[in-house]
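S.K.: Got a structure here, written out as structure tokens. Questions coming.
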Amino acid sequence: MESAVEKYLVEARQNQFHRNYGKAYAFYLLVLKLCPHYKGFVSEDFIAVWREWSTQLQQLGRMEDLFILYQQGCEVFVENDMLHYNMGCSLLKLSMKVEAAGMFRKALCANGQNLCAMEKLECASRRLIDGWHFAMLNDKKRNLCFSSAIKNSIKDTDCVLDIGSGTGILSMLAVKHSKAKIHSCEMLKIMQVIGSECISLNEMENKITSFSCDSNKLAIKHKPSSEDPIGYLDKQVSLVITETVDAGLFGEGIIDILRHAWEHLLCSKDQGGRVLPSRATLYCALVECEYIYKKHTVIPAHSFPGVIITSRVGEKEVNTSGKTGHGNGVFDMYGQLLHTSELEPYTSEKVKLIPHKVVTSVKKVMDVDFNDAMFLETMANGGYGHVFVDHDVIGEGFADAVVLWFDLEVASPQIMKCNNNLDEHVTQINTCISSDYCWEQAVFPIRCCKTHIRSNLDGSGCNNTVLERLCVETCDVINLDFKVFSDCLSLASVTDSAGISYPQNLSKLLQPDFASSSLHITAHEQLVERMNDVRFTNTYFQAVLRQFNSSNSCNILDISNGFDLLSIKLAKLLKVKIHKYCQTPAIQRAYCRLSQHCNQHLMLYNKIPSHTQTSFDIIVSEVIEPSGLISPDAIKNMFEAQMSLSHNGVMVPRKVSLVAQCISSEELLSKCMVLSDENTLGFKIADIINDYRISTHSDLDLSHFSFKQLTLPEVTLEYCFDALPNTLTDAVLQQKSLVLKTIQSGIVHAILFWFKINVYNDEIIDTSKANHWKQAAYIFPKNKQLLVTSGEEIVLKSLCQNDLVSFSISTYGK
């Protein structure tokens, strides 16, 4: 047998050499089945062949064979982390995010130090669970409100359907408070998985029937349905419970959900049919807020003549189906017509956390009765039309945004009164600006488009259309025109006291005044903020200017991620050709459009130019992205670009330092994980959903949450771009241990981190100060949090793999 095995081994390696991976894999499998003791000898080759063959099967669309391949690999190498890791990568490419996350978890169980698996698990988990799930479940006041409403509304004879059940907490409350028959449905696969696990852990799987589908795919048995159902209820339900509401109330589709329920699943009101929540009322006011203004409009002085740049917020128009859709001619920064999913009528903010001033009275927008089937039908069919709201200005200033919120009547006061419950307020949720509930407020940025005469150098004039802040004075009256859709309210126009109406839909915003020769582009909110950061742009510009050789031979390469105005400004002011690396064809098109409009020629590349193409005197990169993390592949790109640096060339920035600080913050934890089963009213949910938490949280604003400093900030890692290591592996992998002394006692919940960017000489930008950058934090799971006393020494280990930053802590000497 040994001779046969040796023959198979030779065949395997020959096929591997000739890249016949399918055959090579088959021979390696034969070797391992016949002689398991060869396992250690061939493991590296087997995994390499397995990876290549799995990639080819995926490309060929042979998914059944791919899963068989994984099962076969596990039979002999279940303990090999790379097998699980590679399978996870294949699943991630197929958008099978839930399954991919499971594979990366298995890889980490096999090898907790697999940095690539850590990175991919973070990537997969970010796409799986929206962070608001944790804040919502930690909102004990909200949970008690629903508990009280369900307790006082449900009957033992009810048949209940929980729509958009998530973790199943509302279904479990229904079981707790009644003997009713309970059904739940959840269309998101990952939430259905989590919900089923939570229900099982709480020993209620025999009391709740779960469906993994959209509620409009449910039907009643033996009852004709116009839909193509995939799930059946035995009979009509008498109570529907749902909490499918966002900051703007309608954004999660509650109108269409309940319209379908009343028509197909829910018995009539005469027969006892009812819905929780019962009603809602929408309110709004106008606020002055420079933060919101700069997040959604590039200030004209920071842009170029004839170029208007806005965020993608503010576009909803009706299409032929009566639903919302994009308007005509709205292009993103890449010159592509934006799809509906990329355009939003509003954004959301926790307004009380940002500097603002309410400049108008608060007015009611509309009432919504979730128990009125005719009302829901009218809204779902687009028949509600417009709502006009007049606001009295109560203080002079700027009207930068409309802020909208709602009162949610979970159970009607009549029901509470019938049950002799005197605490009627416990079933009312108010999401106003001062609210402590988990909901943010819906924010509609106001765009005030005005045309001015701009003088040219030859003395002639031309129209220059700009977006300005809407100025208001006490006693003015501002009229808002909302268009009502089934899935949102859209701010159609704002009319000032002079009777001038400003359209808010992006496709209409700049018409008819906006000249055809001008350019309107939209960008992500973070990029709009970055383009408004004058100090950042000027600091980079000054760094380039100091090294600039005024001769036309000076070559400048910009390898920054994403889209900004820096390259165009350098080309315009220095009057030299700028070389720009564009990560995607879309970004390349964006720069092409803008450079043509500004009459500035850029040399655009789809990969970093090699040193054989040209050498550069200055290489520029925005290494830290606005979210507070290292930009994807930024370190790798700097390493590759330095190969093209001339002998006396410089890198801008010269150095980037990571600054870290140990903190304690229950408030921060509440946004990242479920803190305890007490918050979820005793239901065991935390252990399940926290498995899907992510460690690194970005887009944090230090002024938006309270925390306790347990150590002083310390520089932990440094990237010196004018002295990078000789190999890419050494360049992208940084690690360091520091001994820190605590300044207060407490529990180390997280490591707060940000960056110091040494742009040139002593010019340093600190991303924790007032600028467009947010900060980030690495959150420890409960079993890795450390209790410290003041003056104690602890060891902080920092690790950065590519652009993923992670930390560990321990007591010094242990």
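The values are calculated or read from the model by the stated rules, or taken from the named source; none is laboratory data. Bear in mind that the values here come from a model prediction, so they are computed numbers and not experimental data. Quick reminder, even Gly has a Cβ in these numbers, built from the backbone with ideal geometry, and neighbours come from all protein chains shown. Just the protein is used for accessible areas: all its heavy atoms, side chains included, with ligands, DNA and RNA removed. Shrake-Rupley method; radii C 1.70, N 1.55, O 1.52, S 1.80 Å.
S.K.: Somewhere in segment 261-283, is a residue in contact with an Asp or Glu (Cβ under 7 Å, 6 or more places away or on another chain), surrounded by fewer than 23 Cβ atoms within 10 Å (Cβ to Cβ) and at pLDDT below 95? Write out each step before concluding.
M.R.: Looking only at segment 261-283, we keep the residues that are in contact with an Asp or Glu (Cβ under 7 Å, 6 or more places away or on another chain), and these are 277-281.
Next cut, surrounded by fewer than 23 Cβ atoms within 10 Å (Cβ to Cβ) only: 278-281.
Filter once more, keeping what is at pLDDT below 95: none.
No - not one qualifying residue is present in segment 261-283.
S.K.: How many residues, within segment 630-658, are in contact with a Cys (Cβ under 9 Å, 6 or more places away or on another chain) and assigned to a helix (DSSP H, G or I)?
M.R.: Matching residues across segment 630-658 total 1.
S.K.: Here is a check on your reading of the model: is residue 30 crowded, with 18+ Cβ neighbours inside 10 Å and assigned to a helix (DSSP H, G or I)?
M.R.: On the way: crowded, with 18+ Cβ neighbours inside 10 Å: no; assigned to a helix (DSSP H, G or I): yes.
For residue 30, the condition - crowded, with 18+ Cβ neighbours inside 10 Å and assigned to a helix (DSSP H, G or I) - is not met.
So that you can scan it fast, the table gives a plain yes or no per residue for (1) among the polar types (S, T, N, Q); (2) assigned to a loop (DSSP other than H, G, I, E, B); (3) surrounded by fewer than 22 Cβ atoms within 10 Å (Cβ to Cβ):
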site	(1), (2), (3)
119	no, no, yes
122	no, no, yes
133	no, no, yes
136	no, no, yes
161	no, no, no
171	yes, no, no
179	no, yes, yes
184	yes, no, no
187	no, yes, yes
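S.K.: I'd like the full set of residues that are hydrophobic (A, V, I, L, M, F, W, C) and either without any contact (Cβ under 8 Å) to a residue 60 or more places away in the chain or in a loop (DSSP other than H, G, I, E, B) (or both), limited to segment 716-734. Before the answer, list the steps.
M.R.: Step one: filter segment 716-734 for residues hydrophobic (A, V, I, L, M, F, W, C), giving 717, 720-721, 723-724, 728, 731-733.
Result: 721, 723, 724.
S.K.: I would also like to ask the following. Can you pull out every residue in segment 226-241 that is more than 20 Å from residue 271 (Cα to Cα) and surrounded by fewer than 15 Cβ atoms within 10 Å (Cβ to Cβ)?
M.R.: Step one: filter segment 226-241 for residues more than 20 Å from residue 271 (Cα to Cα), giving 226-232.
Listed by number, the residues that qualify are 226, 227, 228, 230, 232.
S.K.: While we're on this one: Can you pull out the residues in segment 587-623 that are under 31 Å from the mean Cα position of the chain (by Cα), open to solvent by 20 Å² or more (accessible area, probe 1.4 Å) and among the aliphatic types (A, V, I, L, M)?
M.R.: Of the residues in segment 587-623, the ones under 31 Å from the mean Cα position of the chain (by Cα) are 587-595, 604-608, 619-623.
Now drop any that are not open to solvent by 20 Å² or more (accessible area, probe 1.4 Å), which leaves 588-589, 592-593, 604-608.
Selection gives 604, 608.
S.K.: Return the residues of segment 638-650 that are within 27 Å of the chain's Cα centre (by Cα) and open to solvent by 10 Å² or more (accessible area, probe 1.4 Å); say none if nothing qualifies.
M.R.: Of all residues in segment 638-650, those within 27 Å of the chain's Cα centre (by Cα) come to 638.
Across segment 638-650, there are no qualifying residues.
S.K.: Also, I was wondering about something else. Quick one: which of 4, 24 is closer than 25 Å to residue 103 by Cβ and open to solvent by less than 40 Å² (accessible area, probe 1.4 Å)?
M.R.: On the way: 4 fails: closer than 25 Å to residue 103 by Cβ.
The match here is 24.
S.K.: Could you list, in sequence order, the residues of segment 284-299 that are among the hydroxyl-bearing types (Ser, Thr, Tyr) and either surrounded by 24 or more Cβ atoms within 10 Å (Cβ to Cβ) or touching a His at 6+ places or on another chain (Cβ under 6 Å) (or both)? Break it down into steps so the answer makes sense when it comes.
M.R.: Taking segment 284-299 as the starting set, the residues that turn out to be among the hydroxyl-bearing types (Ser, Thr, Tyr) are 291, 293, 297.
Correct list: 297 only.
S.K.: Further question: Checking residue 797 against (1) at pLDDT 90 or above; (2) open to solvent by 40 Å² or more (accessible area, probe 1.4 Å); (3) within 30 Å of residue 541 (Cβ to Cβ), which single condition isn't satisfied?
M.R.: (3)
S.K.: Can you find a residue that is assigned to a helix (DSSP H, G or I) and open to solvent by 60 Å² or more (accessible area, probe 1.4 Å) anywhere in segment 692-715?
M.R.: First, pick out the residues of segment 692-715 that are assigned to a helix (DSSP H, G or I): 692, 702-704.
Narrowing the set further to residues that are open to solvent by 60 Å² or more (accessible area, probe 1.4 Å) leaves 703.
Yes: one or more hits.
S.K.: For segment 395-411, give me each residue that is of a type outside the set (D, E, K, R) and open to solvent by 10 Å² or more (accessible area, probe 1.4 Å).
M.R.: 395, 397, 398, 405 - these are the residues of segment 395-411 that are of a type outside the set (D, E, K, R) and open to solvent by 10 Å² or more (accessible area, probe 1.4 Å).
S.K.: Here is a list: 506, 491. Which entry is hydrophobic (A, V, I, L, M, F, W, C) and either at pLDDT 90 or above or surrounded by fewer than 19 Cβ atoms within 10 Å (Cβ to Cβ) (or both)? Don't jump to the end; show me each part of the working.
M.R.: On the way: 506 fails: either at pLDDT 90 or above or surrounded by fewer than 19 Cβ atoms within 10 Å (Cβ to Cβ) (or both).
Going through 506, 491 in turn, the sole match is 491.
S.K.: Here is a check on your reading of the model: is residue 189 out of contact with any strand residue (DSSP E or B) (no Cβ under 8 Å at 6 or more places or on another chain), within 23 Å of residue 98 (Cα to Cα) and of a type in the set (Lys, Arg)?
M.R.: Details: out of contact with any strand residue (DSSP E or B) (no Cβ under 8 Å at 6 or more places or on another chain): yes; within 23 Å of residue 98 (Cα to Cα): yes; of a type in the set (Lys, Arg): yes.
Criteria met by residue 189.
S.K.: Kindly indicate the residue of segment 801-814 that is in contact with an Asp or Glu (Cβ under 8 Å, 6 or more places away or on another chain) and outside any loop (DSSP other than H, G, I, E, B) and also farthest from residue 634 (Cα to Cα) among those meeting that condition.
M.R.: Filtering segment 801-814 for residues that are in contact with an Asp or Glu (Cβ under 8 Å, 6 or more places away or on another chain) and outside any loop (DSSP other than H, G, I, E, B), the one farthest from residue 634 (Cα to Cα) comes out as 811.
S.K.: Right, something else. Return the pairs, sorted by first residue and then second, in which the second residue is open to solvent by less than 10 Å² (accessible area, probe 1.4 Å) and hydroxyl-bearing (Ser, Thr, Tyr), the first residue lies in segment 558-569 and is in contact (Cβ under 8 Å) with a residue 40 or more places away in the chain and closer than 15 Å to residue 524 by Cβ, the beta carbons are less than 9 Å apart, and the residues are 6+ apart or on different chains.
M.R.: Matching pairs, first to second residue: 560/567; 560/621; 560/631; 561/621; 561/631; 562/631; 563/591.
S.K.: Checking residue 144 against (1) under 15 Å from residue 411 (Cβ atoms); (2) in a loop (DSSP other than H, G, I, E, B), which test does it fail?
M.R.: If we test residue 144 against (1) under 15 Å from residue 411 (Cβ atoms); (2) in a loop (DSSP other than H, G, I, E, B), just (2) comes out false.
S.K.: In addition: What is the residue count in segment 676-691 for residues that are of a type in the set (Asp, Glu) and in a loop (DSSP other than H, G, I, E, B)?
M.R.: Narrowing segment 676-691 to residues of a type in the set (Asp, Glu): 677-678, 687, 691.
Retained after the next criterion (residues that are in a loop (DSSP other than H, G, I, E, B)): 677-678.
The total comes to 2.
S.K.: On to the next question. Can you pull out the residues in segment 357-385 that are among the β-branched types (Val, Ile, Thr), open to solvent by 20 Å² or more (accessible area, probe 1.4 Å) and closer than 27 Å to residue 470 by Cβ? Spell out how you get there, then give the answer.
M.R.: We begin by selecting, within segment 357-385, every residue among the β-branched types (Val, Ile, Thr); these are 358-360, 362, 365, 368, 378.
After this cut, where a residue has to be open to solvent by 20 Å² or more (accessible area, probe 1.4 Å) as well, the list is 358, 362, 378.
Hits for segment 357-385 are 358, 362.
S.K.: Which of the residues that make up segment 764-800 are of a type in the set (Ser, Thr, Tyr) and in a strand (DSSP E or B)?
M.R.: 778, 798
S.K.: Among 58, 71, which is of a type outside the set (A, V, I, L, M, F, W, C), in a helix (DSSP H, G or I) and either in contact (Cβ under 8 Å) with a residue 24 or more places away in the chain or under 30 Å from residue 177 (Cβ atoms) (or both)? Even if it seems obvious, please write down each step before you answer.
M.R.: Details: 71 fails: either in contact (Cβ under 8 Å) with a residue 24 or more places away in the chain or under 30 Å from residue 177 (Cβ atoms) (or both).
So the residue among 58, 71 that is of a type outside the set (A, V, I, L, M, F, W, C), in a helix (DSSP H, G or I) and either in contact (Cβ under 8 Å) with a residue 24 or more places away in the chain or under 30 Å from residue 177 (Cβ atoms) (or both) is 58.
S.K.: Pick from segment 89-112 the residues that are more than 17 Å from residue 694 (Cα to Cα) and not aliphatic (A, V, I, L, M): which of them is least open to solvent (accessible area, probe 1.4 Å)?
M.R.: For segment 89-112, the residue satisfying everything is 90.
S.K.: Right, here's the next one. Filter segment 660-691 down to residues that are surrounded by fewer than 18 Cβ atoms within 10 Å (Cβ to Cβ) and in contact with an Asp or Glu (Cβ under 7 Å, 6 or more places away or on another chain), then give me how many there are.
M.R.: Residues flagged as surrounded by fewer than 18 Cβ atoms within 10 Å (Cβ to Cβ) and in contact with an Asp or Glu (Cβ under 7 Å, 6 or more places away or on another chain) within segment 660-691 amount to 1.
S.K.: Taking segment 749-768, which residues are surrounded by 18 or more Cβ atoms within 10 Å (Cβ to Cβ), over 26 Å from the mean Cα position of the chain (by Cα) and among the β-branched types (Val, Ile, Thr)? Show your work before the answer.
M.R.: To start, the set of residues in segment 749-768 that are surrounded by 18 or more Cβ atoms within 10 Å (Cβ to Cβ) comprises 749-760, 765, 767-768.
Cutting the leftovers down to over 26 Å from the mean Cα position of the chain (by Cα) gives us 758-760.
Scanning segment 749-768 gives a single hit, 759.
S.K.: Of these, 745, 665, 657, which one is over 27 Å from the mean Cα position of the chain (by Cα) and at pLDDT 95 or above? It would help to see each step written out before you state the result.
M.R.: Details: 665 fails: over 27 Å from the mean Cα position of the chain (by Cα); 657 fails: over 27 Å from the mean Cα position of the chain (by Cα).
It is 745.
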